[in-house]
Structures are given as structure tokens and as C-alpha cells.
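Student: Right, I'll just put the structure down here and ask away after.
The values are calculated or read from the model by the stated rules, or taken from the named source; none is laboratory data. The model shown is predicted, which means the values in this text are computed figures rather than measured ones. For neighbour counting, all protein chains shown are included, and Cβ atoms are generated from backbone atoms with ideal geometry for every residue, glycine included. Protein only, heavy atoms only, side chains kept; ligands, DNA and RNA dropped before computing areas. Shrake-Rupley method; radii C 1.70, N 1.55, O 1.52, S 1.80 Å.
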Amino acid sequence: MNNLPIDFYFRKDNKNNFNELRLIAAIFVIYGHSFPIVGSRSHDIFLEYVRYKFIGGLAVDIFFVISGFLVAHSYLINSRKYFILSRILRIFPGLIVCVLLTTFLLGPLLSTSNNYFYDVQTWKYFYNNSFLIATEYNLPGVFTSLPNKAMNGSLWSLPLEFRLY
């Protein structure tokens, strides 16, 4: 049995290459999602040659693995109360600002709907996304002429991430 302290496995100089791996994964996400966003056929070179997985899916796996290491480390070195509070404060402030801006600033600016604030979908988008109840992608009259009408497609991962904490 290994009796080394948990901190032994994490470098003190913060040079663990997680940021570099995150950058690579972010580039994979941008590349992988660029084709569907503009409505063209995917020419995912990774999928074509490796024949394993869509490169955007591989990137999500990389993010979840890195997050798993970091969250597990946080859980092991902190009290339960501090851990839960830090998870809540890591997700909700940024999420709420993002949802507020997309719902009440960008939505009205980009919408072609005359009844934007009276449409149930506007309030479903705001409420469900703000509290991680369900992921809502569309706002009334926004991006209606585009192949992908999602206001913020990346919101899909947050309910899953929060449950995994």
C-alpha cells in the first residue's frame, strides 16, 4: 500500500500541464464544432483517420478526465462544506451572468420576434439554464435562419458536471 500524501501527486510549482491539455482540447472543440455550426459536412480528420471518435467528443473526454483529477484532489484536501461551496461558486456565478446576458441583452438584440419577452420559451431558457434544471438552447426569433439555432450550445455539459461533483 502506498502511504504517500495526496499532495505528492500534484506538483507544487503548478507545472502539471493541465493548462496545455485544456488548450489542446479547446482547439479540438472549436475545430470539431466548426462544421456543424456553419451547416457544412464534417471533414473531421481525426475521425477519418483514427476511426474512433469525433474530435469534439474526445475533447470533452479530456476535459472530464482533467476535471475529475482536480475535483478529486479538491475533495481530498478540503472539508466537505468548503468543497461543496467551492463547486457552487465555481459554476453558478458565471452561469448566471452568461444566462442573464444571453437572455436579456443578446436575445432581444438578435431576435426577430415581436413578443420576445412574452414568449414562454424566453423564460424557460432563463429559468431552466440558470438553475441547471434542463438545458434550453433556443430563444424566440434568435438565429432562425441558421442551420443550428442554439444560443449557447455549450450549456449542455453543466447539469452533468454539477451532478458529477
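Student: Look at region 120-136 and say how many of its residues are modelled with pLDDT of 95 or more and open to solvent by 30 Å² or more (accessible area, probe 1.4 Å).
Tutor: Summing the residues that are modelled with pLDDT of 95 or more and open to solvent by 30 Å² or more (accessible area, probe 1.4 Å) in region 120-136 gives 6.
Student: Which of the residues spanning region 137-152 are open to solvent by 40 Å² or more (accessible area, probe 1.4 Å) and in contact (Cβ under 8 Å) with a residue 40 or more places away in the chain? Before the answer, list the steps.
Tutor: To start, the set of residues in region 137-152 that are open to solvent by 40 Å² or more (accessible area, probe 1.4 Å) comprises 137-138, 143-149.
Matches in region 137-152: LEU146, PRO147, ASN148.
Student: Look at SER79 and say whether it is in contact with a helix residue (DSSP H, G or I) (Cβ under 8 Å, 6 or more places away or on another chain) and of a type outside the set (A, V, I, L, M).
Tutor: On the way: in contact with a helix residue (DSSP H, G or I) (Cβ under 8 Å, 6 or more places away or on another chain): no; of a type outside the set (A, V, I, L, M): yes.
It is false that SER79 is in contact with a helix residue (DSSP H, G or I) (Cβ under 8 Å, 6 or more places away or on another chain) and of a type outside the set (A, V, I, L, M).
Student: Could you list, in sequence order, all residues of region 68-127 that are small (Gly, Ala, Ser), in a helix (DSSP H, G or I) and more than 18 Å from THR144 (Cα to Cα)? Talk me through it step by step, then tell me what you get.
Tutor: Residues of region 68-127 that are small (Gly, Ala, Ser), as a first pass: 68, 72, 74, 79, 86, 94, 107, 111, 113.
From what's left, in a helix (DSSP H, G or I): 68, 72, 74, 86, 94, 107.
Scanning region 68-127 gives GLY68, ALA72, SER74, SER86, GLY94.
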